[in-house]
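For reference, the structure is listed below as structure tokens.
Here, each number is a calculation from the coordinates, and none is a lab measurement. Predicted model only: the values in this text are computed from it and were never measured. Here Cβ is always computed from backbone atoms with ideal geometry, including for glycine, and neighbour counts include all displayed protein chains.
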Amino acid sequence: MATTEFNDMLLNNAGFLRPFAVNLTKDTEAANDLYQETLYKALANHEKYNAGTNIKAWLFTIMRNIFINNYRRKAKQKTIFDNTPEDYLINLKQSAVSNAAESSLRVKEIKAAIDHLPEIFKMPFLLYLDGYKYQEISEYLQEPLGTIKSRIHFARKLLKEQISRF
């Protein structure tokens, strides 16, 4: 097959690739990169295309394989991009050692702060902390839903003021 003939077929069928790229990546910028890389690989390997076969399927296969290879490469790197303007890289292989003594002191400090809450805020907050929903707390304490939400909000606010930040 002649190069110009292949290029014409490629251009006529390339439009179907863009939605597939967006579907794979869920990101327009990444989809554009994937689309361009697919067209580049198709052009670079046009001699591997068998004339008379389905070019759309061939292009979709190239795109899918590029996407899978990129995904595997990223998974092996285990690097997270912190989406700040500076794009700091956080390597997952670095491990932080937790300080059990410090954690224990922190938990004690939080429990003490909860114990010092006024009773009107303490009971709804403890129930909320135990996993009860606002509506369930409202029914149990026989108080209006808005009152319960307000008390939990003020309990959080008081706790933030009481607990010192490191």
The relative contact order of segment 1-81, taking Cα pairs under 8 Å that sit 6 or more residues apart, comes to a percentage of 33
Any lysines whose Cα falls less than 18 Å from that of Lys149, other than same-chain ones fewer than 8 residues away, would be Lys122, Lys133, Lys157, Lys160
Expected unfolding gain across Tyr71-Leu141 under the 0.36 nm per residue rule, minus the alpha-carbon gap, is 20.1 nm
The exposure ranking of Ser104, Ser138, Ser150, fewest beta-carbon neighbours within 10 Å first, is Ser104, Ser150, Ser138
With +1 at each Lys and Arg Cβ and -1 at each Asp and Glu Cβ, the charge dipole magnitude of segment 100-162 around its Cα centre, to the nearest 20 debye, comes out at 220
So, with points 7 Å from each Cα along the Cβ direction, the Ala44-Leu126 label distance in nm works out to 6.6
Once the in-chain neighbours fewer than 8 apart are removed, the lysines whose Cα is under 23 Å from Lys48 read Lys56
